Amino acid sequence: MDGRRGAPPRRPFVGRRAELAVIDAAVAGARRGEPGIVWIAGAAGMGKSALLAGAIARAGRVGLLSATGDEAESALPYGLVDQLAAALPADLLAQYPLAGPGRPRGADPMVVGADLLAALGAVPGDDPVLVVLDDVQWADELSVRALVFVLRRLRHDRVAVLLGARTPAPAFLAGDDEPDPRWERVLGAVGGARRLPLAGLEPAELSELAAVMGRPLRSTGAAQRLWAGTHGHPLHARTLLEDLSPEALDATDVLPAPRSLAAVVLVRLARAGAATQALVVAAAVLGDPCSLADAAALAEAAGLGGVDDPGAALDEAVALGLLTERGDRPVGGIGFVHPLLRAAVHGDQPPARRRALHRAAAARVRGRAALEHRIAAASGPDPELAADLERFAADLPAGTSPLDVAELLRAAAELTVDPDDREHRLFRAVEVLLAEGEIARAAALEDDLAATRPGAARDGLLGRLALLAGRLGRARPLLAAAAGGDEPVSRAIATADLALLTVLEGRPAEAVELASGCFADPDAGPLVRRPAGLALILGLVAQGRSDHARAALDVAAGPPGARTPLHADTLVVRGVLAAAVDDDDGAEAALTEALRLARTGEAVRTATLASAYLALVRDRAGRAPGLDAVELAVAGARDAGRGFAEMIARGYAAQLHAVRGHTDEARAHLAVVAAAGAAWWASTIVTAPAEALLALVEDDAAGMLRALEPVLRPEVLALADAIGALGPRALHGEALLRAGRVAEARDASAALDARLGDRPPGHTSLDAARLRGLLAEAAGDPAAARAAFEAGLAAAAWGGGAAPLARARLEIELGRRLVTAGERRTGVDLLRAARDRLAALGAAPFLADCEELLHAAGLTPSPEEALGLTAHEDAVVALVVRGLTNREVAQELFVSPRTVAYHLSNVYAKLGVTSRAELRERAAVPVR
């Protein structure tokens, strides 16, 4: 795993002492089991790669995994991940196959990241693993998502990660690179991640650079002048030191401005022999890296001049600091010392000559590379090339990333003359992206799509894009226009999308009618059946026709042994519907199975939604802390552009933060939801209670009532009732009572009880029991209040200990009153039970109230009771006591087995146990 073997010798390296100290600390921390992440960002030529090389050289004994982004490979699915996997032992890749190139097509980045994380944690030996990722601005999208997942889940792994990224060049370099938000978003969310923005070298460091290059400065002001002329930019300073005489450096004249970097490079190239010049130009055209033989052959074929002795020409180019041998590539690989040098040489070629060179290059390579050169050679529309691109996209092998297919089709569209062919290719690109759930990527083509001729196909695609992005107001007129058109296929697809839009707008009866009509067409394809099926199921549920909805789900999933491609997504729908009615067992089973299928590589377009709901269900059932998992779901939905899933995930994230007293974090999530504009009814059912819960922990009854107004609108409340989501009603009753509006609270309680009926005990039914007791107390009937609280706790006990937060709040209310009434022992026992539940949940605001009551009763925690477990330790214990192995726990929590072992050792030490059996006895939780 030592990627340093065979690497070319490094050029002199100076300065960056503070940055190296930070990296050294990260590596040292990894040796202790404290993972570190360091983000090194700088403009092209600022020394980012040199710093990484210097850090590797001084890292000592580490297992090195390295990968480098390549602009030419930015569409290669999991390209960066596969570079890392190449250095992993074969037995590890066999154990975690999704981390390697043999993964199935459509493997979700989350599950690929999970396998890679597990593999990193299982690397044999005691040395830490050093992961070095350079030029991540060119990383492919799927690798970014998988690696971001890994970074977010590093806990106690012996892993240090160094990421190098090119940032926008300073204005004096006229750079055109843009910041990459894909990586930027994760840095703020990963605790302990260090940012190292690279500035220029200081004058003293430039002086040191000149000395190690053998060009020592000869005057006291030379270093300052060099700094003033370059702003300390290492590449430009090195170029000047190599090309300017000592007299020129000593002169008081202004040194060449950074804008002349290209000119300086070209002057250096002009000093080379004709064969070397031809080789360098050919290499600039072929791309970095290329083979020496190909570059020499292209130089001759394109009329640049013969390269009779390629080795000698390469030696001269290396001596001039232009080219280098690429030890990380096959034999004969060459590349430029820095991308700026290639850009200077390539950009110096006149346009006509540059196109001719690319035409010649296209004749020497095959496949995708040849097409890329033909694109670069094109001076305008090229129908033949466009057709070749379309055919190439159609013939790509199974497993090819849809992003790659879409990019080929987009390029084909730009080269097409015929308007019909152009639109067809662009439309296909957008269709591919939307079908794969790549909504954010499809949105990048929205302007091109809108610029095409009006028509049903265009309007339908724009409408579907708006629909899936959550812009319902824009989607409606576009889909209506497409559904009213004359073209049968576009009309059928738009009608199905319109059915889905209609149910999201809150008109389920109309949606069911539209969806049913779609299924009447025997030729309806998947683009019709998918949205129509979802609209039908949601519409039936929203009408309260649960039996019909379950039957529709059975049809959509297919019979056992003949599952349809929608089977996994139907599991997610079942899980969501079960969660709505407080059936946490059913929800967990369905959602867990859906995510298991995703881990095997099956396409699950609703995986991020499943992750959010599973996090909520496990958290509120007290089975595993869900905060980390729901935050991951938020990030996954946001990165993919899945607006509906993101809003719901943010709503649940806000709820979990509020319960823990993280009011700023909860408010931040809700602010994003509010900024997104008009919400659909399902997200309102999630986010309005989240805002009310935030007001509850802040003891703001008026705020609770304001927060619940959107979900209490008759049309939204009717839909919430239809799917069984009665939590908003319970919160409303409590808010009214806290606000002193007792009569209204009594009416709200009665309405809630009527809808609960004989539902099995769950979160909402326990909250309803507590509300009945509080209302009885407000009416001056303590006996009825006690009876209501006791009935609720009896139901909770019958329900097997589920709904720990609701149960603890019942125990607090009854315990408080028993202590006051003189039944101190029974009351204190209830308060202590509530305290234990709340501590396990991390529900700080409610725990503080409970502790205050215990303190008032004369109790303080014993040292043993005060020894609590962290949230991560709680999560591990919750799964271990159910009988899961360390590896199974790691898969459930998306951490490495090594992290599980670390937490488990801490738990053993804290609780004084030495085995899983003792831990189960101490936790008093039976194995399932």
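Observations on the model:
- For segment 775-792, the set of residues classified as in a helix (DSSP H, G or I) and surrounded by fewer than 21 Cβ atoms within 10 Å (Cβ to Cβ) consists of A776, E777, A778, P782, A783, A784, R786, A787, E790, A791, listed by residue number.
- Test for P216: is it part of a loop (DSSP other than H, G, I, E, B), modelled with pLDDT under 85 and within 21 Å of G42 (Cα to Cα): no
- Filter pass, A735 being within 17 Å of A769 (Cα to Cα) and not acidic (D, E): yes
- Looking across segment 772-811, the residues that are in contact with an Asp or Glu (Cβ under 7 Å, 6 or more places away or on another chain) and of a type in the set (G, A, S) come down to G773, A785, A802, A806.
- Contact annotation: residue pairs with Cβ atoms under 8 Å, 6 or more positions apart or on different chains, pairing a residue in segment 333-344 that is surrounded by fewer than 22 Cβ atoms within 10 Å (Cβ to Cβ) with a partner that is of a type in the set (D, E, K, R) and at pLDDT 85 or above, are G333/E325.
- Qualifying residue in segment 510-526 (condition: part of a loop (DSSP other than H, G, I, E, B), under 27 Å from G677 (Cβ atoms), assigned by TED's automatic domain parsing to the domain that holds A442 and touching a Leu at 6+ places or on another chain (Cβ under 7 Å)): no
- Total residues in segment 834-846, condition surrounded by 22 or more Cβ atoms within 10 Å (Cβ to Cβ) and in contact with a Lys or Arg (Cβ under 7 Å, 6 or more places away or on another chain): 3
- Candidates are the residues of segment 1-29 that are more than 24 Å from S207 (Cβ to Cβ) and not in a helix (DSSP H, G or I); the one that is modelled with the highest pLDDT is M1.
- Candidate set from segment 219-273 (those that are modelled with pLDDT of 75 or more and among the β-branched types (V, I, T)); member that is nearest to L341 (Cα to Cα): V265
- Residue match in segment 758-767 (condition: surrounded by fewer than 18 Cβ atoms within 10 Å (Cβ to Cβ) and on the phi > 0 side of the Ramachandran plot): no
- Within segment 536-555, considering residues that are surrounded by fewer than 20 Cβ atoms within 10 Å (Cβ to Cβ) and small (G, A, S), the one nearest to A515 (Cα to Cα): A551
- Pairs with Cβ under 6 Å, 6+ apart, first in segment 448-473 and not assigned by TED's automatic domain parsing to the domain that holds E646, second outside any helix (DSSP H, G or I): A456/G485; A456/E487; R458/T452
- Screening the candidates A361, A344 for the property of being among the small types (G, A, S), under 14 Å from V281 (Cα atoms) and at pLDDT below 85 yields one hit, A344.
- Any chance L88 is over 21 Å from the mean Cα position of the chain (by Cα), surrounded by fewer than 23 Cβ atoms within 10 Å (Cβ to Cβ) and either of a type in the set (S, T, N, Q) or at pLDDT 90 or above (or both): yes
- Qualifying residues in segment 274-307 (those that are among the polar types (S, T, N, Q) and in contact (Cβ under 8 Å) with a residue 40 or more places away in the chain) - the one surrounded by the fewest Cβ atoms within 10 Å (Cβ to Cβ): S291
- Restricting attention to segment 558-597, the residues being modelled with pLDDT of 90 or more, among the acidic types (D, E) and either crowded, with 18+ Cβ neighbours inside 10 Å or under 18 Å from A645 (Cα atoms) (or both) number 4.
- For segment 570-590, the criterion of being more than 26 Å from T764 (Cα to Cα) and touching a Leu at 6+ places or on another chain (Cβ under 9 Å) is met by none of the residues.
- Scanning segment 904-919 for residues that are modelled with pLDDT of 80 or more and either touching a strand residue (DSSP E or B) at 6+ places or on another chain (Cβ under 9 Å) or closer than 22 Å to L841 by Cβ (or both) gives L904, V907, L919.
- For A442, the stated conditions hold: it is in a helix (DSSP H, G or I), surrounded by 22 or more Cβ atoms within 10 Å (Cβ to Cβ) and touching a residue at least 60 places away in the same chain (Cβ under 8 Å).
Each row is one residue, and each column tells you yes or no for (1) buried (at least 22 other Cβ atoms within 10 Å of the Cβ); (2) under 18 Å from A466 (Cβ atoms); (3) hydrophobic (A, V, I, L, M, F, W, C); (4) more than 21 Å from the chain's Cα centre (by Cα).
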position	(1), (2), (3), (4)
E646	yes, yes, no, no
R650	yes, no, no, no
V659	yes, no, yes, yes
H662	no, no, no, yes
E665	no, no, no, no
A675	no, yes, yes, no
T684	yes, no, no, yes
L696	yes, no, yes, yes
D700	no, no, no, yes
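- Condition check for S143 on (1) modelled with pLDDT under 90; (2) in a helix (DSSP H, G or I): one failure, at (1).
- Residues satisfying the stated conditions in segment 30-84, i.e. in contact with a Phe, Trp or Tyr (Cβ under 6 Å, 6 or more places away or on another chain) and part of a helix (DSSP H, G or I): A50, G54, E71
- Contact map, segment 105-119: residues that are outside the structural domain of T592 (by TED's automatic domain parsing) paired with residues that are among the aromatic types (F, W, Y), Cβ distance under 6 Å, separation 6+ or inter-chain. Pairs shown: M110/F149; G113/F149; A114/F894; D115/Y96; A118/Y96; A119/Y96.
- Across segment 737-774, the number of residues qualifying as without any contact (Cβ under 8 Å) to a residue 40 or more places away in the chain and not in a helix (DSSP H, G or I) comes to 5.
- Residue check, A165 touching a Pro at 6+ places or on another chain (Cβ under 9 Å) and in a strand (DSSP E or B): yes
- Exclusive hit being of a type in the set (G, A, S) and modelled with pLDDT of 95 or more, set G827, G800, G773: G773
- Criterion applied to A492, A412, A482 was being surrounded by 17 or more Cβ atoms within 10 Å (Cβ to Cβ) and out of contact with any Lys or Arg (no Cβ under 9 Å at 6 or more places or on another chain), and the one residue passing it is A492.
- Q83 meets all of the listed conditions (1) crowded, with 18+ Cβ neighbours inside 10 Å; (2) in contact (Cβ under 8 Å) with a residue 40 or more places away in the chain; (3) not aliphatic (A, V, I, L, M) but one, namely (2).
- Any hit, segment 45-54, residues being under 30 Å from Y902 (Cβ atoms), at pLDDT 90 or above and either of a type outside the set (S, T, N, Q) or assigned by TED's automatic domain parsing to the domain that holds V22 (or both): yes
- Here is the figure for segment 121-140: residues that are part of a helix (DSSP H, G or I) and under 19 Å from the mean Cα position of the chain (by Cα) total 3.
The values are calculated or read from the model by the stated rules, or taken from the named source; none is laboratory data. None of these values were measured; they are calculated from a predicted model. Ideal geometry is used to build each Cβ from the backbone, glycine not excepted, and the neighbour counts take in all protein chains shown.
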